[in-house]
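The values are calculated or read from the model by the stated rules, or taken from the named source; none is laboratory data. Here the structure is a predicted model, which means the values were calculated and not measured. Backbone-built Cβ (ideal geometry, glycine too); neighbour counts: all protein chains shown. Accessible surface areas use protein heavy atoms only, side chains included; no ligands, DNA or RNA. Shrake-Rupley method; radii C 1.70, N 1.55, O 1.52, S 1.80 Å.
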Amino acid sequence: MTDTTAKTVEQPEKSNEELKEIATQVRRDIVRMVHAVNSGHPGGSLGITDLLVALYFKVMKHHPEPFDMDGKDQDLFFLSNGHTSATMYSCLARSGYFPISELSTFRKLNSRLQGHPTTHEGLPGVRVASGSLGQGLSVACGAAQAKKLNGDKQRVFVLMGDGELEEGQNWEAAMYAAHHKIDNLIAIVDRNGQQIDGSTDQIGGLGDIGAKFKAFGWQVFEGDGNHFDALLPMLENCVAAAGKAKPIMFVMDTKMGFGVDFMMDGHKWHGVAPNDAQLATALDELKVGTEGDY
């Protein structure tokens, strides 16, 4: 008889050094996955690695198996900026949602690991197709409101890119969440200052993101997203703020390409795969420290 009991990730107390080792392995996965198919978005994926490692390996209560689309009594995560899927796939695999070896199929024909996460392949850990920018916050609002209506005490996390905020639907969702007091929603903006065509200052002029969400009635936190000693306390603040009649926004400062020196800063590595020599340089910088490569 098959055991269908949900296996909860207990999130043992990991030191910052242990989380750094996991993040290094995830970054190795990212550059190898993108290089293998000469396709993908390494810059933003590397930048958000520390956040997703913190969520999947420490902060969130979640059940890798058996995977349940409804996610009852567990925290949910939605990736709105779906082009950074390599990070999510690596964290899902390494936290137990599917075999780590499947990372080798990234962006290949008939793979469940498409360039942008989709649901029709049935990949555990993915609850919504994403990549059409600007929709993730609306999805997260609906999921979080459903949890409240169902008496589910867990939280909903959603990650968005800063350039993505140029989509107007985000601001409709921001107004909706505040009006309906969706206070189990923790939204995160990856403020790396870059988008595909250049810097956000040049392209869209986002201004003071935190002040804008405050004006919409959100509780706002701002801080570093690339160092666990700063990131983890900020996430703790966000979690502690839940249940106080306001949705929560964490404006997270990261550097595109963080962890690989030649990929950091600027928008060049938004959607460019490393060649053989560049991969070797990146892997030499990212020393194996956890489970090893797939």
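Couple of notes before you dig in:
- Among the residues of the stretch 45-81, just one is at pLDDT below 95 and open to solvent by less than 40 Å² (accessible area, probe 1.4 Å), namely HIS63.
- So THR200, is it over 20 Å from LYS58 (Cβ atoms) and among the hydroxyl-bearing types (Ser, Thr, Tyr): yes
- Taken over the stretch 98-127, residues that are open to solvent by 20 Å² or more (accessible area, probe 1.4 Å), in a loop (DSSP other than H, G, I, E, B) and under 19 Å from ARG27 (Cβ atoms) amount to 1.
- For GLN194: the one exception among (1) within 20 Å of the chain's Cα centre (by Cα); (2) more than 20 Å from SER132 (Cα to Cα); (3) open to solvent by less than 60 Å² (accessible area, probe 1.4 Å): (2)
- Criterion applied to GLY217, GLY223, GLY161 was being open to solvent by less than 30 Å² (accessible area, probe 1.4 Å), out of contact with any Gly (no Cβ under 9 Å at 6 or more places or on another chain) and under 22 Å from GLY257 (Cβ atoms), and the one residue passing it is GLY223.
- Meets criteria (out of contact with any Phe, Trp or Tyr (no Cβ under 9 Å at 6 or more places or on another chain) and part of a loop (DSSP other than H, G, I, E, B)) for ALA245: yes
- With respect to (1) open to solvent by 50 Å² or more (accessible area, probe 1.4 Å); (2) in a helix (DSSP H, G or I); (3) among the aliphatic types (A, V, I, L, M); (4) under 20 Å from THR84 (Cα atoms), the lone exception for ALA240 is condition (4).
- Condition check for PHE250: of a type outside the set (A, V, I, L, M), part of a loop (DSSP other than H, G, I, E, B) and either touching a His at 6+ places or on another chain (Cβ under 9 Å) or crowded, with 22+ Cβ neighbours inside 10 Å (or both): no
- Checking each residue in the stretch 18-40 for being open to solvent by 40 Å² or more (accessible area, probe 1.4 Å), in contact with a helix residue (DSSP H, G or I) (Cβ under 7 Å, 6 or more places away or on another chain) and over 15 Å from SER104 (Cβ atoms) picks out only LYS20.
- Selection status of TRP269, more than 20 Å from the chain's Cα centre (by Cα) and either within 20 Å of LEU159 (Cβ to Cβ) or at pLDDT below 95 (or both): no
- Members of the stretch 164-175 found to be in contact (Cβ under 8 Å) with a residue 40 or more places away in the chain, open to solvent by 40 Å² or more (accessible area, probe 1.4 Å) and of a type outside the set (Phe, Trp, Tyr), listed by number: GLU166, MET175
- Scanning the stretch 133-158 for residues that are among the β-branched types (Val, Ile, Thr) and open to solvent by 10 Å² or more (accessible area, probe 1.4 Å) yields a count of 1.
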